[in-house]
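No lab work stands behind these numbers, since they all come straight from the coordinates. Nothing here was measured: the structure is a model prediction, and the numbers come from that model.
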């Protein structure tokens, strides 16, 4: 599995965990987990302050040299501050950070993502950054990306690295169906899906309706102009626009333009369908072209990339990884200094190049590395430029909110019921809204 695919898997992991699961597991984690088990590179401090503890998620060994150099530079520039870098396996991060926060033994700087971090932000776990980060520093970050780490008007995280979704497409399959270019919006996707099925018997794209696997369908509703919840946290999608969005996916399924496995299989199945030539498009990051080249070299030869499919809003998806500072840190100023150092323009550009991700600062994104590519550049290089070009309109489409997993489950399960003919679209929308409003 590629490094970036693991990074994306981490993001999906956080989306699966809601605040009620957090509360239910907290006590058992306090008993069974020990943060001393993680792989730690310790640097002893001779200063009056103890070392700052910095947690990342499974970035060793690929980026060990990068972070050792980064930390060494920071310590040279700040002789009174030492850093302990702790790299936590991504599968262990949820339990370890929850345990540490509850026990008031949390690290000083933690790499999470807005969706998961927001669950603890509702419990006042993180340092309020609005009074800590100077306005001139805050303005160096992409405004729409900074907004992703805010909850109820308060900033709880500093943006770090980003990925956006692209459309990877099989040029040969589209040509066989007489299609000159991939669809750019959902209306065109429905048209392309029918033409492809009629001419080639293949599917346009696999989209999963398994709530625990992907938020892509939930994001599509937002792209189509649907408001998920109102300012009071009540369901806001029981509207003509919401019913239209539900009907879009129901019709695609009933017309045989989505595989039946869409109701039972996750995103991995879509990857397999694309690599086997059974689907003409794949919604994923451009870096996945490397995996396709390894797993399906013949498909890779005819693969190209285009901007992600969107709706009438023009909104684009972005996945954000951030840095948060626990409110109980004994060194808030030093922790903030380090977090801002890790995420400054120079270091973001350096890490983006090393990890094949996108930066969250305006200056780093403006570098020619993200702007131009030679005519004979690789598909991956071209994908990078396309992906970077999406960021001005990109945002975290599903805003940080408590119990987002409950909302996603209600919508997906009722969509499935409508797809199977067990409910009308109107009933499915009404039931989903009621389930969300009646949540415990």
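Between 0 and 90 degrees, the angle of helix 379-390 with respect to the longest Cα principal axis of the chain falls at about 80 degrees.
Any chance you could give the angle, 0 to 90 degrees and rounded to 10, that helix 345-355 forms with the longest Cα principal axis of the chain? On a 0 to 90 degree scale, this one is about 60.
Dimensions of the stretch 174-287 based on its C-alpha atoms, expressed as ranges along the principal axes with the largest first, amount to 49, 28, 25 Å. The stretch 181-248 has equivalent-ellipsoid semi-axes of 28, 14, 9 Å, by the square roots of 5 times the alpha carbon gyration tensor eigenvalues, sorted largest first. Taking the C-alpha atoms only, the angle from helix 19-32 to the longest principal axis of the chain is near 40 degrees. The candidate values were (1) 25, 56, 19, 1; (2) 17, 23, 15, 11, 12, 14, 8, 1, 0; (3) 21, 38, 33, 8; the one computed from these coordinates for P(r) over Cα pairs in 20 Å bins from 0, in percent carries the label (1).
Here the stretch 226-241 and the stretch 377-409 have alpha carbon centers that stand 22 Å from each other.
Per residue, the chain reaches -13500 deg cm²/dmol at 222 nm when only DSSP H runs of four or more residues are counted, each adding -39500 (n - 2.57).
With both residues required to sit in the chain, DSSP beta bridges show an antiparallel share near 70%. D by Stokes-Einstein for the stretch 135-211, Kirkwood Rh over Cα pairs, 37 °C, 0.692 mPa s: 206 µm²/s.
In angstrom, the C-alpha Rg and Dmax of the stretch 326-440 are 21.8, 58.
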